[in-house]
Amino acid sequence: MRDIIIIGSGPAGFTAAIYAARAELKPLLIASSVEIGGELMNTTEVENFPGFPEGIMGPDLMGKMQAQAERFGTEVVYDDVVELDVDGPVKRVKLGNGGEHEAKAIIFATGSAYRKLGLPEEERLSGHGLSWCATCDGFFFREKTIAVVGGGDSAMEEATFLTRFADKVYVIHRRDSLKASKIMQQRAFDNPKIEFVWNAAVDAIHGDTAVTGVTLRDTVSGEVSALDLDGLFVAIGNDPRTHLVHGKLDLTPEGTIAVDGRSSRTSVPGVFAAGDVIDPIYRQAVTAAGSGTVAALDAEHYLAALEDTSGDPSAASAEAAEVDELVAVDLADAAR
Ligand code: NDP
(Lines give C-alpha, C1' and ligand atoms only; values in the text may rest on other atoms or scores of the structure.)
Protein backbone atom coordinates (compact mmCIF):
# COMPACT_ATOMS: atom_id res chain seq x y z
CA MET A 1 0.00 0.00 0.00
CA ARG A 2 1.18 3.52 -0.83
CA ASP A 3 1.36 6.44 1.57
CA ILE A 4 -0.15 8.94 -0.86
CA ILE A 5 -2.02 8.91 -4.13
CA ILE A 6 -2.50 12.26 -5.84
CA ILE A 7 -5.31 12.56 -8.35
CA GLY A 8 -4.83 15.35 -10.89
CA SER A 9 -1.92 16.71 -12.89
CA GLY A 10 -2.38 20.48 -12.80
CA PRO A 11 -0.27 22.87 -10.72
CA ALA A 12 -1.95 21.69 -7.48
CA GLY A 13 -1.34 18.00 -8.16
CA PHE A 14 2.26 18.39 -9.29
CA THR A 15 3.18 20.78 -6.48
CA ALA A 16 1.67 18.36 -3.94
CA ALA A 17 3.74 15.64 -5.61
CA ILE A 18 6.96 17.68 -5.38
CA TYR A 19 6.44 18.21 -1.65
CA ALA A 20 5.30 14.65 -0.93
CA ALA A 21 8.16 13.18 -2.94
CA ARG A 22 10.71 15.36 -1.17
CA ALA A 23 9.22 14.10 2.13
CA GLU A 24 10.08 10.61 0.81
CA LEU A 25 6.45 9.54 0.65
CA LYS A 26 6.91 8.14 -2.89
CA PRO A 27 3.62 9.51 -4.23
CA LEU A 28 1.72 7.99 -7.10
CA LEU A 29 0.18 10.72 -9.27
CA ILE A 30 -2.72 9.74 -11.49
CA ALA A 31 -2.66 12.19 -14.36
CA SER A 32 -5.24 11.47 -17.05
CA SER A 33 -5.52 9.13 -19.99
CA VAL A 34 -5.94 12.03 -22.41
CA GLU A 35 -3.98 15.09 -21.52
CA ILE A 36 -1.64 15.48 -18.60
CA GLY A 37 -1.08 18.95 -17.17
CA GLY A 38 -4.56 20.34 -16.58
CA GLU A 39 -5.96 23.61 -17.86
CA LEU A 40 -2.58 25.26 -18.42
CA MET A 41 -2.06 22.89 -21.34
CA ASN A 42 -4.73 24.93 -23.12
CA THR A 43 -3.12 28.25 -22.32
CA THR A 44 -0.65 30.15 -24.42
CA GLU A 45 1.60 32.59 -22.62
CA VAL A 46 1.47 32.54 -18.81
CA GLU A 47 2.71 35.94 -17.69
CA ASN A 48 1.80 35.87 -14.02
CA PHE A 49 3.60 32.82 -12.67
CA PRO A 50 6.44 34.13 -10.50
CA GLY A 51 9.94 33.26 -11.63
CA PHE A 52 9.34 33.66 -15.35
CA PRO A 53 9.82 37.38 -16.07
CA GLU A 54 9.57 36.83 -19.84
CA GLY A 55 6.47 34.62 -19.45
CA ILE A 56 6.30 30.92 -20.17
CA MET A 57 3.99 28.82 -22.36
CA GLY A 58 1.41 26.88 -20.29
CA PRO A 59 2.50 23.43 -21.56
CA ASP A 60 6.18 24.26 -20.89
CA LEU A 61 5.36 25.26 -17.32
CA MET A 62 3.50 22.00 -16.75
CA GLY A 63 6.33 19.99 -18.31
CA LYS A 64 8.74 21.59 -15.84
CA MET A 65 6.45 20.86 -12.89
CA GLN A 66 6.18 17.21 -13.94
CA ALA A 67 9.96 16.90 -14.38
CA GLN A 68 10.49 18.40 -10.93
CA ALA A 69 7.97 16.00 -9.33
CA GLU A 70 9.53 12.99 -11.09
CA ARG A 71 13.05 14.06 -10.17
CA PHE A 72 12.21 13.43 -6.50
CA GLY A 73 10.55 10.09 -7.11
CA THR A 74 6.92 10.75 -8.05
CA GLU A 75 5.47 7.95 -10.15
CA VAL A 76 3.04 9.22 -12.80
CA VAL A 77 0.27 7.02 -14.17
CA TYR A 78 -1.46 8.05 -17.41
CA ASP A 79 -4.99 6.90 -16.73
CA ASP A 80 -8.34 8.16 -15.44
CA VAL A 81 -9.78 7.39 -12.04
CA VAL A 82 -13.20 5.82 -12.51
CA GLU A 83 -14.05 4.99 -8.91
CA LEU A 84 -12.92 6.02 -5.47
CA ASP A 85 -13.43 4.33 -2.14
CA VAL A 86 -12.38 6.77 0.57
CA ASP A 87 -13.99 5.38 3.70
CA GLY A 88 -11.83 3.64 6.26
CA PRO A 89 -8.06 3.57 6.71
CA VAL A 90 -7.32 2.16 3.24
CA LYS A 91 -8.30 4.39 0.31
CA ARG A 92 -8.88 2.58 -2.97
CA VAL A 93 -8.61 4.09 -6.45
CA LYS A 94 -9.87 2.21 -9.48
CA LEU A 95 -8.52 3.18 -12.91
CA GLY A 96 -10.02 3.12 -16.39
CA ASN A 97 -7.70 0.24 -17.38
CA GLY A 98 -9.10 -1.88 -14.54
CA GLY A 99 -6.05 -1.39 -12.31
CA GLU A 100 -6.48 -0.61 -8.63
CA HIS A 101 -4.22 1.24 -6.19
CA GLU A 102 -4.39 1.62 -2.42
CA ALA A 103 -3.06 4.34 -0.18
CA LYS A 104 -3.31 5.66 3.35
CA ALA A 105 -4.02 9.19 2.09
CA ILE A 106 -5.44 10.77 -1.03
CA ILE A 107 -4.91 14.25 -2.39
CA PHE A 108 -7.71 15.20 -4.73
CA ALA A 109 -6.61 17.88 -7.23
CA THR A 110 -8.83 17.35 -10.24
CA GLY A 111 -9.25 21.04 -11.09
CA SER A 112 -12.21 22.29 -13.05
CA ALA A 113 -13.87 21.69 -16.41
CA TYR A 114 -14.96 24.11 -19.12
CA ARG A 115 -18.44 25.51 -18.56
CA LYS A 116 -20.92 24.91 -21.37
CA LEU A 117 -23.58 27.24 -22.73
CA GLY A 118 -26.26 24.62 -22.16
CA LEU A 119 -27.53 24.61 -25.75
CA PRO A 120 -28.74 21.42 -27.45
CA GLU A 121 -26.43 21.94 -30.47
CA GLU A 122 -23.32 22.09 -28.31
CA GLU A 123 -22.48 18.40 -28.29
CA ARG A 124 -23.16 17.88 -32.00
CA LEU A 125 -21.07 20.83 -33.15
CA SER A 126 -18.24 20.39 -30.66
CA GLY A 127 -15.09 19.91 -32.75
CA HIS A 128 -16.97 21.13 -35.82
CA GLY A 129 -16.41 24.82 -35.45
CA LEU A 130 -17.34 24.91 -31.77
CA SER A 131 -14.42 24.83 -29.37
CA TRP A 132 -13.36 25.50 -25.77
CA CYS A 133 -9.67 25.75 -26.54
CA ALA A 134 -8.18 28.48 -28.71
CA THR A 135 -4.67 27.09 -28.41
CA CYS A 136 -5.83 23.70 -29.62
CA ASP A 137 -8.11 24.78 -32.44
CA GLY A 138 -7.23 28.37 -33.39
CA PHE A 139 -5.05 27.16 -36.24
CA PHE A 140 -8.14 25.85 -38.09
CA PHE A 141 -9.63 29.34 -38.37
CA ARG A 142 -7.11 31.05 -40.62
CA GLU A 143 -8.70 34.08 -42.36
CA LYS A 144 -12.12 33.19 -40.90
CA THR A 145 -14.72 35.10 -38.93
CA ILE A 146 -15.21 33.72 -35.48
CA ALA A 147 -16.59 34.70 -32.06
CA VAL A 148 -15.62 34.16 -28.45
CA VAL A 149 -18.33 34.05 -25.79
CA GLY A 150 -17.46 35.45 -22.36
CA GLY A 151 -16.22 38.54 -20.57
CA GLY A 152 -13.48 37.22 -18.28
CA ASP A 153 -9.71 36.91 -18.64
CA SER A 154 -10.08 33.64 -20.54
CA ALA A 155 -12.32 35.23 -23.17
CA MET A 156 -9.93 38.17 -23.60
CA GLU A 157 -6.93 35.87 -23.82
CA GLU A 158 -8.61 33.58 -26.32
CA ALA A 159 -9.92 36.44 -28.47
CA THR A 160 -6.51 38.11 -28.57
CA PHE A 161 -4.77 34.83 -29.39
CA LEU A 162 -7.28 33.98 -32.12
CA THR A 163 -6.55 37.21 -34.00
CA ARG A 164 -3.27 35.54 -35.00
CA PHE A 165 -5.34 33.34 -37.30
CA ALA A 166 -8.79 34.79 -37.88
CA ASP A 167 -9.58 37.91 -39.89
CA LYS A 168 -12.27 38.97 -37.45
CA VAL A 169 -13.05 37.99 -33.86
CA TYR A 170 -16.28 39.06 -32.16
CA VAL A 171 -16.45 38.96 -28.38
CA ILE A 172 -20.00 38.21 -27.33
CA HIS A 173 -20.68 39.22 -23.74
CA ARG A 174 -23.95 39.16 -21.81
CA ARG A 175 -23.33 42.51 -20.06
CA ASP A 176 -22.00 45.92 -21.08
CA SER A 177 -18.82 45.71 -19.03
CA LEU A 178 -16.15 43.05 -18.71
CA LYS A 179 -15.10 40.93 -15.77
CA ALA A 180 -11.57 40.60 -17.16
CA SER A 181 -8.57 42.36 -15.60
CA LYS A 182 -7.84 45.85 -16.96
CA ILE A 183 -4.66 44.83 -18.76
CA MET A 184 -6.39 41.98 -20.61
CA GLN A 185 -9.36 44.22 -21.46
CA GLN A 186 -7.10 46.91 -22.86
CA ARG A 187 -5.19 44.43 -24.99
CA ALA A 188 -8.47 43.28 -26.54
CA PHE A 189 -9.82 46.84 -26.97
CA ASP A 190 -6.60 47.84 -28.73
CA ASN A 191 -6.76 44.95 -31.18
CA PRO A 192 -8.28 46.12 -34.49
CA LYS A 193 -9.48 42.61 -35.38
CA ILE A 194 -11.66 42.35 -32.25
CA GLU A 195 -15.20 43.73 -32.13
CA PHE A 196 -17.34 43.59 -29.00
CA VAL A 197 -21.01 42.60 -29.09
CA TRP A 198 -22.37 43.85 -25.77
CA ASN A 199 -25.46 42.70 -23.87
CA ALA A 200 -25.77 39.62 -26.02
CA ALA A 201 -26.61 36.03 -25.13
CA VAL A 202 -26.18 33.11 -27.53
CA ASP A 203 -29.61 31.49 -27.84
CA ALA A 204 -28.75 29.01 -30.60
CA ILE A 205 -25.81 27.83 -32.66
CA HIS A 206 -26.46 27.36 -36.36
CA GLY A 207 -25.05 24.67 -38.61
CA ASP A 208 -25.77 21.07 -39.61
CA THR A 209 -22.27 19.66 -39.87
CA ALA A 210 -20.27 22.73 -38.84
CA VAL A 211 -20.91 26.07 -37.16
CA THR A 212 -22.31 28.68 -39.56
CA GLY A 213 -23.50 31.29 -37.08
CA VAL A 214 -25.45 32.03 -33.93
CA THR A 215 -28.75 33.50 -32.81
CA LEU A 216 -28.14 36.37 -30.43
CA ARG A 217 -30.59 37.83 -27.94
CA ASP A 218 -30.11 41.34 -26.63
CA THR A 219 -30.16 40.88 -22.85
CA VAL A 220 -31.60 44.40 -22.37
CA SER A 221 -34.15 44.83 -25.18
CA GLY A 222 -34.84 41.14 -25.87
CA GLU A 223 -34.29 41.77 -29.58
CA VAL A 224 -33.13 38.72 -31.54
CA SER A 225 -30.57 38.80 -34.35
CA ALA A 226 -28.34 36.44 -36.34
CA LEU A 227 -24.57 36.60 -36.70
CA ASP A 228 -22.79 34.59 -39.41
CA LEU A 229 -19.65 32.85 -38.19
CA ASP A 230 -17.17 30.16 -39.18
CA GLY A 231 -16.42 29.23 -35.61
CA LEU A 232 -17.41 29.79 -32.00
CA PHE A 233 -15.18 29.59 -28.93
CA VAL A 234 -16.79 29.36 -25.50
CA ALA A 235 -14.80 30.89 -22.62
CA ILE A 236 -17.34 31.39 -19.84
CA GLY A 237 -15.44 29.89 -16.93
CA ASN A 238 -15.00 26.51 -15.38
CA ASP A 239 -16.77 24.24 -12.92
CA PRO A 240 -14.97 22.18 -10.27
CA ARG A 241 -14.50 18.55 -11.30
CA THR A 242 -16.10 16.74 -8.38
CA HIS A 243 -18.18 13.96 -9.99
CA LEU A 244 -15.95 11.25 -8.46
CA VAL A 245 -16.66 12.40 -4.91
CA HIS A 246 -20.37 13.23 -5.01
CA GLY A 247 -21.97 11.68 -1.96
CA LYS A 248 -18.50 10.88 -0.56
CA LEU A 249 -17.07 14.27 0.39
CA ASP A 250 -18.96 17.35 1.55
CA LEU A 251 -19.27 20.11 -1.05
CA THR A 252 -19.73 23.87 -0.60
CA PRO A 253 -22.77 25.78 -1.94
CA GLU A 254 -20.50 26.87 -4.84
CA GLY A 255 -19.95 23.21 -5.75
CA THR A 256 -16.30 23.02 -4.68
CA ILE A 257 -15.05 20.41 -2.20
CA ALA A 258 -15.46 21.68 1.36
CA VAL A 259 -12.25 21.90 3.40
CA ASP A 260 -11.62 22.75 7.02
CA GLY A 261 -10.58 26.43 7.25
CA ARG A 262 -7.35 27.19 5.43
CA SER A 263 -6.35 23.53 5.48
CA SER A 264 -6.92 20.94 2.74
CA ARG A 265 -8.74 18.54 5.08
CA THR A 266 -12.01 17.35 3.55
CA SER A 267 -14.95 15.86 5.43
CA VAL A 268 -13.29 12.41 5.25
CA PRO A 269 -10.15 11.71 7.33
CA GLY A 270 -7.16 10.99 5.13
CA VAL A 271 -8.62 12.73 2.08
CA PHE A 272 -7.20 16.13 1.18
CA ALA A 273 -8.17 18.46 -1.65
CA ALA A 274 -6.27 21.20 -3.42
CA GLY A 275 -6.41 23.66 -6.31
CA ASP A 276 -9.40 24.78 -8.38
CA VAL A 277 -11.53 21.93 -7.02
CA ILE A 278 -11.65 23.74 -3.64
CA ASP A 279 -11.37 27.31 -4.90
CA PRO A 280 -14.36 29.12 -6.39
CA ILE A 281 -12.65 32.52 -6.37
CA TYR A 282 -8.93 32.87 -7.08
CA ARG A 283 -8.24 29.90 -9.37
CA GLN A 284 -4.78 30.89 -10.50
CA ALA A 285 -1.92 28.56 -11.35
CA VAL A 286 0.09 29.99 -8.49
CA THR A 287 -2.72 29.74 -5.92
CA ALA A 288 -3.35 26.16 -7.04
CA ALA A 289 0.34 25.41 -6.57
CA GLY A 290 0.23 26.92 -3.07
CA SER A 291 -2.85 24.88 -2.31
CA GLY A 292 -1.03 21.72 -3.44
CA THR A 293 1.71 22.54 -0.94
CA VAL A 294 -0.86 22.82 1.86
CA ALA A 295 -2.35 19.44 0.91
CA ALA A 296 1.02 17.69 0.87
CA LEU A 297 1.93 19.12 4.30
CA ASP A 298 -1.49 18.22 5.73
CA ALA A 299 -1.20 14.70 4.35
CA GLU A 300 2.29 14.41 5.81
CA HIS A 301 1.01 15.47 9.27
CA TYR A 302 -1.88 13.02 8.94
CA LEU A 303 0.41 10.12 8.03
CA ALA A 304 2.63 10.89 11.02
CA ALA A 305 -0.44 11.00 13.30
CA LEU A 306 -1.68 7.74 11.79
CA GLU A 307 1.36 6.00 13.22
CA ASP A 308 0.68 7.47 16.68
CA THR A 309 -2.96 6.40 16.62
CA SER A 310 -2.45 2.80 15.46
CA GLY A 311 -3.91 3.54 12.04
CA ASP A 312 -7.23 5.07 13.12
CA PRO A 313 -8.09 7.66 10.40
CA SER A 314 -10.48 9.76 12.53
CA ALA A 315 -8.10 9.91 15.50
CA ALA A 316 -5.17 10.68 13.18
CA SER A 317 -7.08 13.45 11.44
CA ALA A 318 -8.13 14.95 14.78
CA GLU A 319 -4.56 14.72 16.10
CA ALA A 320 -3.06 16.35 12.98
CA ALA A 321 -5.64 19.15 13.15
CA GLU A 322 -4.95 19.62 16.84
CA VAL A 323 -1.20 19.90 16.22
CA ASP A 324 -1.83 22.56 13.55
CA GLU A 325 -4.11 24.38 15.99
CA LEU A 326 -1.44 24.29 18.71
CA VAL A 327 1.08 25.84 16.32
CA ALA A 328 -1.42 28.60 15.58
CA VAL A 329 -2.05 29.18 19.31
CA ASP A 330 1.72 29.32 19.93
CA LEU A 331 2.10 31.90 17.21
CA ALA A 332 -0.78 33.95 18.58
CA ASP A 333 0.77 33.85 22.06
CA ALA A 334 4.16 34.87 20.69
CA ALA A 335 2.56 37.81 18.87
CA ARG A 336 0.97 39.14 22.06
P1 NDP B 1 -14.52 33.96 -15.14
O2 NDP B 1 -15.43 33.26 -14.21
O3 NDP B 1 -13.57 34.97 -14.60
O4 NDP B 1 -15.38 34.70 -16.27
C5 NDP B 1 -16.41 34.05 -16.93
C6 NDP B 1 -17.07 35.03 -17.89
O7 NDP B 1 -18.05 34.32 -18.65
C8 NDP B 1 -17.77 36.18 -17.20
O9 NDP B 1 -17.60 37.36 -17.94
C10 NDP B 1 -19.23 35.72 -17.17
O11 NDP B 1 -20.15 36.78 -17.29
C12 NDP B 1 -19.33 34.89 -18.43
N13 NDP B 1 -20.32 33.82 -18.28
C14 NDP B 1 -20.42 32.91 -17.28
N15 NDP B 1 -21.42 32.04 -17.52
C16 NDP B 1 -21.98 32.43 -18.69
C17 NDP B 1 -23.05 31.93 -19.48
N18 NDP B 1 -23.74 30.84 -19.11
N19 NDP B 1 -23.34 32.55 -20.63
C20 NDP B 1 -22.62 33.64 -21.02
N21 NDP B 1 -21.60 34.16 -20.34
C22 NDP B 1 -21.27 33.56 -19.18
O23 NDP B 1 -13.75 32.79 -15.90
P24 NDP B 1 -12.40 32.86 -16.75
O25 NDP B 1 -12.29 31.50 -17.31
O26 NDP B 1 -12.38 33.98 -17.67
O27 NDP B 1 -11.26 33.09 -15.66
C28 NDP B 1 -11.13 32.18 -14.55
C29 NDP B 1 -9.94 32.60 -13.69
O30 NDP B 1 -8.71 32.39 -14.41
C31 NDP B 1 -9.98 34.06 -13.33
O32 NDP B 1 -9.51 34.21 -12.03
C33 NDP B 1 -9.01 34.71 -14.31
O34 NDP B 1 -8.41 35.88 -13.81
C35 NDP B 1 -7.97 33.60 -14.50
N36 NDP B 1 -7.32 33.70 -15.82
C37 NDP B 1 -6.15 34.43 -15.90
C38 NDP B 1 -5.50 34.55 -17.11
C39 NDP B 1 -4.24 35.33 -17.16
O40 NDP B 1 -3.93 36.05 -16.24
N41 NDP B 1 -3.45 35.24 -18.21
C42 NDP B 1 -6.03 33.94 -18.35
C43 NDP B 1 -7.27 33.25 -18.14
C44 NDP B 1 -7.88 33.14 -16.93
P45 NDP B 1 -20.34 37.89 -16.14
O46 NDP B 1 -19.16 38.80 -16.29
O47 NDP B 1 -21.62 38.53 -16.48
O48 NDP B 1 -20.35 37.13 -14.85
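The values are calculated or read from the model by the stated rules, or taken from the named source; none is laboratory data. What you see is a predicted model, and the numbers here were worked out from it, not measured in a lab. All Cβ positions, glycine included, derive from the backbone under ideal geometry; neighbour counts span all protein chains shown.
What to note about this one:
- All of (1) away from the ligand (no atom under 16 Å from the Cβ); (2) under 28 Å from PRO59 (Cβ atoms) hold for CYS136 with one exception: (1).
- Being more than 13 Å from the ligand (Cβ to nearest atom), buried (at least 20 other Cβ atoms within 10 Å of the Cβ) and not assigned by the TED database to the domain that holds ALA155 holds for only one residue in PRO253, PRO269, and it is PRO269.
- None of SER154, SER177 is at pLDDT below 95, under 26 Å from ASP239 (Cβ atoms) and either of a type outside the set (Asp, Glu) or outside any helix (DSSP H, G or I) (or both) except SER154.
- Of the residues examined, ALA166 is not one that is assigned by the TED database to the domain that holds ARG124, part of a helix (DSSP H, G or I), over 18 Å from GLU122 (Cα atoms) and more than 9 Å from the ligand (Cβ to nearest atom).
Condition check ((1) of a type in the set (Lys, Arg); (2) closer than 23 Å to ILE257 by Cα; (3) touching an Asp or Glu at 6+ places or on another chain (Cβ under 6 Å); (4) within 15 Å of the ligand (Cβ to nearest atom)) across all residues:
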| residue | (1), (2), (3), (4) |
| --- | --- |
| PRO11 | no, yes, no, yes |
| ILE30 | no, yes, no, no |
| PRO50 | no, no, no, yes |
| LEU61 | no, no, no, yes |
| LYS91 | yes, yes, no, no |
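Residue-by-condition table, conditions (1) in contact with a strand residue (DSSP E or B) (Cβ under 8 Å, 6 or more places away or on another chain); (2) crowded, with 16+ Cβ neighbours inside 10 Å; (3) outside the structural domain of GLY8 (by the TED database); (4) modelled with pLDDT under 95:
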| site | (1), (2), (3), (4) |
| --- | --- |
| HIS243 | no, no, no, yes |
| VAL259 | yes, yes, no, no |
| ILE281 | no, no, no, yes |
| ALA285 | yes, yes, no, yes |
| SER291 | no, yes, no, no |
| ALA295 | yes, yes, no, no |
| HIS301 | no, yes, no, no |
| LEU306 | yes, yes, no, yes |
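- Between ALA180, ALA200, ALA155, ALA188, the distinction of being touching a residue at least 12 places away in the same chain (Cβ under 8 Å), within 10 Å of the ligand (Cβ to nearest atom) and in contact with a helix residue (DSSP H, G or I) (Cβ under 6 Å, 6 or more places away or on another chain) belongs to ALA180 only.
- For GLU300: the one exception among (1) assigned to a helix (DSSP H, G or I); (2) more than 30 Å from PHE140 (Cβ to Cβ); (3) within 16 Å of the ligand (Cβ to nearest atom): (3)
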